[in-house]
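Working notes, beginning with the structure itself.
The values are calculated or read from the model by the stated rules, or taken from the named source; none is laboratory data. Please read these numbers as outputs of a predicted model, since none were measured by experiment. Don't worry about glycine lacking a Cβ; one is built from the backbone with ideal geometry, like all the others, and counts go over all protein chains shown.
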Amino acid sequence: MLTAAIKGEVYADPNRKTKAGTARAVRAWFFQKGTGWYVHARYGARVLLLDGKSNAVMVGKIADIEAVLTALDRATEAGDLDAVLAAAGKRGTREKAQ
């Protein structure tokens, strides 16, 4: 998805089809606002509060997003986000800043 965005293309998942039978576009975890790019970490549809108060990481260039996604992946594998994921997984509750 990031590679497609860098090329200015929309990524569509060939394994997910619309009712019309075409590949479904996938919503990215990153977006541009002003002069920066922001990366959200998500658990399902919920945006996670990574440090208890911020729900996004800002980078200057789209090419820098890969480093943020890699860091989030490593933090997840190391268990550093377990408490955040557990809080986000509770139904009927909203995550609160600590």
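Here is how the numbers come out for the structure above:
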| read-out | value |
| --- | --- |
| Top-ranked residue of region 8-47 - restricted to ones that are of a type in the set (A, V, I, L, M) and in contact with a strand residue (DSSP E or B) (Cβ under 6 Å, 6 or more places away or on another chain), ranked as nearest to residue 62 (Cα to Cα) | 39 |
| Pairs where the first residue, in region 9-31, is closer than 29 Å to residue 55 by Cα and surrounded by fewer than 12 Cβ atoms within 10 Å (Cβ to Cβ) and the second is among the small types (Gly, Ala, Ser) and at pLDDT 85 or above, C-beta under 6 Å, 6+ apart | none |
| Single match in 85, 2, 69, 48 (criterion: in contact with a His (Cβ under 8 Å, 6 or more places away or on another chain) and either touching a residue at least 24 places away in the same chain (Cβ under 8 Å) or surrounded by fewer than 13 Cβ atoms within 10 Å (Cβ to Cβ) (or both)) | 48 |
| Residue check, residue 29 aromatic (Phe, Trp, Tyr), more than 11 Å from the chain's Cα centre (by Cα) and either modelled with pLDDT of 90 or more or closer than 22 Å to residue 80 by Cβ (or both) | no |
| Matching residues, region 27-58, being part of a strand (DSSP E or B) and touching a helix residue (DSSP H, G or I) at 6+ places or on another chain (Cβ under 6 Å) | 30, 37, 39, 43, 46, 57 |
